[in-house]
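Engineer: Handing you a structure now.
Just so it is clear, none of the values below were taken in a lab; they were calculated from the coordinates. Being a predicted model, the structure only gives us computed values, none of them experimental. Don't worry about glycine lacking a Cβ; one is built from the backbone with ideal geometry, like all the others, and counts go over all protein chains shown.
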Amino acid sequence: MEKEDKSALGIRSRRDFLRTGTVATSFFIVPRHVLGGKGFTAPSDQLNLAAIGAGGKGRSDIRNAAVNGRERVAALCDVDFTGSAKSSLEAFPQAKTYHDYRIMLDNEPDIDAVTISTPDHIHAPAAVFAMERGIHVYVQKPMTHNIREARILTELARKNQIVTQMGNQGGSNPLLGMVQNWIDSDALGEISKVQVWTNRPVWPQGFAMPDPDPSQKPDDLHWDLWLGPADAIAYTPGLHPFSWRGWWDYGTGALGDVGCHLIDIPFRTLGLKYPTDAECSVSAIYSQKWTPDYHPKGCPPSSFITLHFDATEKSKSPVEMTWSDGGIRPAHPEIIPADHDIGGEGSQNGVLIIGEKGIISTNINDSSPLMPKLYLNDGTTEFGPEVEDDKEPEYGHHRKWVDACKAGFNSPEHKALTSSFDYAGPMTETVLMGNLAIRSYMLQKENSKGNREFFGRKKLLWDGNNIRITNLEEANQFVGRTYREGWEV
């Protein structure tokens, strides 16, 4: 029998160890005392990391995952290293660089884990490509571009024993325990309503897609790789690097941007499951009298969404959740003093959990102060701190994932993660239900008189287990998407 390549054996042994926490062979594990003294991290104890998306949020994701140099950043991938990704090159000068993550992961078989910090439409293709190769993944929020992808990633992580974490770092905020304690101690009594709102979008949204103009494409931008699974179009200004959020082919609007931070709070603390239905209305822009502008390729300037949930162990009655964006917020509750903000500073973003005995008010749960506040009908109040004492960047959300990768799948460290895909998948599906409702709301067809009419403006009934709308077949086209060849999920 042909002798097995020792380097390949070492890579596989390392992967087996990181996936299961069990070492099949031990020649690559070097005792710490042999290589260095106190505080020294042996190369064999380092995680080999790579970044898919090294600019924007990707800069802090890979930096935090490296844990102040404790782990090794082996490779960086970005479609343009002349923009904000340049700072990652400076921070990790020894890392190899790539523009196509598929080539990177095929050329760098010793990569153990990746951070994925791309536009939303690349999240799932990149994560699936990595997980199929046994690589652990940290994926920015929203976990995926659509509901089907979220279900696929959740199931694939279990099947391939991948340690996962979604980048809703507020899930690791210890102050969430304060909110959880109020709910678990029955401080609010029966909870029947949740209100969630945001000032997003804070980018251009609600108008026609800009015209392509290849002459404006930056020389170093690999445009076709940026498009990924989306249809091939000529370079279009105003999409890269940030304003893609407002276009359905690439982004997920206000919900995708902060829904996983805001909806996470009630979804987690109330133990919610898949919603049973979704209903929405959206604002219209009139460039001419009587006829609203119609731009179904893009997200609306604002929306209002209603979701219903069955009772759970923590929410003992059915719960109605409303979401509003574009700066539209709920009315100020009577039991909260008029000079108090609701939610966060300036009442711009927030969550109200409303029970028969009172209300919990919290801020957006990203890296902003959570500001948990309890107001009871009898006048009792309890407030958390308005300034948080962060012990490490983003509540240690990245570091805990790295530690779990090293401990292995199903280890105590893995089970302690606050946003592994077993949790983040169903929560992301719930967030993206709002977008499914918005896109269905904009569906048109020709009626018997030859006029265009909207036909999806109804309450959509959701079968979460089978991921489909049961009362409007045309809405199911938005459960997933179509993919360009070579980018399928």
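Engineer: Share of Cα-Cα pairs in segment 216-259 beyond 12 Å, in percent?
Structural biologist: Numbers: 594 of 946 pairs.
Pairs farther apart than 12 Å: 63 percent.
Engineer: Any chance you could check the Cα centroid distance between segment 134-157 and segment 198-228 for me, in angstrom?
Structural biologist: What the calculation gives is 24 Å, centre to centre.
Engineer: State the Cα centre-to-centre distance between segment 258-288 and segment 74-110 in whole Å.
Structural biologist: 35 Å
Engineer: Relative contact order for segment 93-181 using alpha-carbon pairs under 8 Å, separation at least 6, rounded to a whole percent? Show your work: numbers first, answer last.
Structural biologist: Numbers: 99 pairs, mean separation 21.8, N = 89.
About 25 percent, as a whole number.
Engineer: Quick one: net charge of Asn107's neighbours, Cβ under 11 Å, K/R +1, D/E -1?
Structural biologist: Working: positive: Lys96, Arg102; negative: Asp100, Asp106, Glu108, Asp110.
The answer is -2.
Engineer: Another one. Ordered by packing density, taken as the mean number of other Cβ atoms within 10 Å over each peptide's residues, highest first, how do 123-129, 196-202, 242-248 rank? Show your work: numbers first, answer last.
Structural biologist: Numbers: 123-129: 25.0, 196-202: 23.4, 242-248: 21.0.
Descending packing order for the listed peptides: 123-129, 196-202, 242-248.
Engineer: In whole Å, what three semi-axes, largest first, describe the equivalent ellipsoid of segment 279-389 built from its Cα gyration tensor (square root of 5 times each eigenvalue)? Show your work: numbers first, answer last.
Structural biologist: Details: eigenvalues 195, 67, 38 Å².
Each semi-axis is the square root of five times an eigenvalue, giving 31, 18, 14 Å.
Engineer: According to a simple spin-label model (label point 7 Å from Cα along Cα-to-Cβ), what is the distance in nm between Ala234 and Asp463?
Structural biologist: Placing both labels 7 Å along Cα→Cβ, they lie 4.5 nm apart.
Engineer: Packing-wise, with mean Cβ within 10 Å as the measure, how do 68-78, 425-435, 208-218 rank, highest first?
Structural biologist: On the way: 68-78: 20.9, 425-435: 27.0, 208-218: 11.9.
Ranking the peptides 68-78, 425-435, 208-218 by packing returns 425-435, 68-78, 208-218.
Engineer: What is the local net charge at Gly55, summed over the other residues whose Cβ is closer than 10 Å to its Cβ (Lys, Arg +1; Asp, Glu -1)?
Structural biologist: On the way: positive: Lys57, Arg59, Lys86; negative: Asp78, Asp80.
Here the count lands on +1.
Engineer: Describe numerically, in nm with one decimal, the distance between label points set 7 Å from Cα along Cα→Cβ at Tyr483 and at Val387.
Structural biologist: It is 4.8 nm.
Engineer: Over all directions, average the projected area of the Cα convex hull of segment 375-427 and note it in nm². Please list the in-between numbers first.
Structural biologist: Details: hull surface 24.3 nm².
Taking the Cα atoms of segment 375-427, their convex hull projects to 6.1 nm² on average.
Engineer: Now for a separate question. If Lys and Arg each add +1 and Asp and Glu each add -1, what is the summed charge of the other residues whose beta carbon sits under 11 Å from the beta carbon of Leu227? The partial results should precede the final answer.
Structural biologist: Numbers: positive: Arg484; negative: Asp224, Asp231, Asp249.
That sum, taken over residues with Cβ under 11 Å, equals -2.
Engineer: Now, a different point. Obtain the nm distance between the two label points defined at Ile103 and Asn181 by a simple spin-label model: each point lies 7 Å from its Cα along the Cα-to-C-beta direction.
Structural biologist: With each label placed 7 Å out from Cα toward Cβ, I get 5.4 nm.
Engineer: If you average the sequence gap of Cα pairs under 8 Å that are 6 or more apart and divide by the length of the chain, what percent do you get for the contact order? Could the numbers behind the result be given before it?
Structural biologist: Numbers: 1022 pairs, mean separation 91.0, N = 489.
Relative contact order of the chain: 19 percent.
Engineer: For all pairs of alpha-carbon atoms in segment 251-298, what percent lies in each bin of width 5 Å, listed from the first bin to the last filled one?
Structural biologist: Pairs per bin, as whole percents: 5, 14, 16, 21, 15, 11, 9, 6, 3, 1.
Engineer: If you look at just the Cα atoms of the chain, how large are its Rg and its Dmax in Å?
Structural biologist: According to the Cα coordinates of the chain, Rg and Dmax are 23.4, 83 Å.
Engineer: Another one. Mean residue ellipticity at 222 nm from the helices of the chain, using -39,500 (n - 2.57) per DSSP H segment of n ≥ 4 over the full residue count, to the nearest 500 deg cm²/dmol?
Structural biologist: Working: 13 runs with 123 residues, N = 489.
Mean residue ellipticity, 222 nm, calculated: -7000 deg cm²/dmol.
Engineer: Is segment 224-323 rounded, prolate or oblate when judged by the Cα gyration tensor, a ≥ b ≥ c being the square roots of its eigenvalues, rounded requiring a/c under 1.5 and prolate requiring a/b larger than b/c?
Structural biologist: oblate
Engineer: Decide, for segment 119-229, between rounded, prolate and oblate: order the square roots of the alpha carbon gyration tensor eigenvalues as a ≥ b ≥ c, take rounded if a/c falls under 1.5, and otherwise choose prolate if a/b is larger than b/c, else oblate. Can you show the working numbers first?
Structural biologist: Details: a/c = 2.80, a/b = 1.46, b/c = 1.92.
Taking the square roots of the gyration eigenvalues as a ≥ b ≥ c, segment 119-229 is oblate.
Engineer: In which sequence would Phe421, Phe455, Phe304 go, from the one with the fewest C-beta neighbours within 10 Å to the one with the most?
Structural biologist: Values: Phe421 29, Phe455 13, Phe304 18.
Fewest to most other Cβ atoms nearby, the residues stand as Phe455, Phe304, Phe421.
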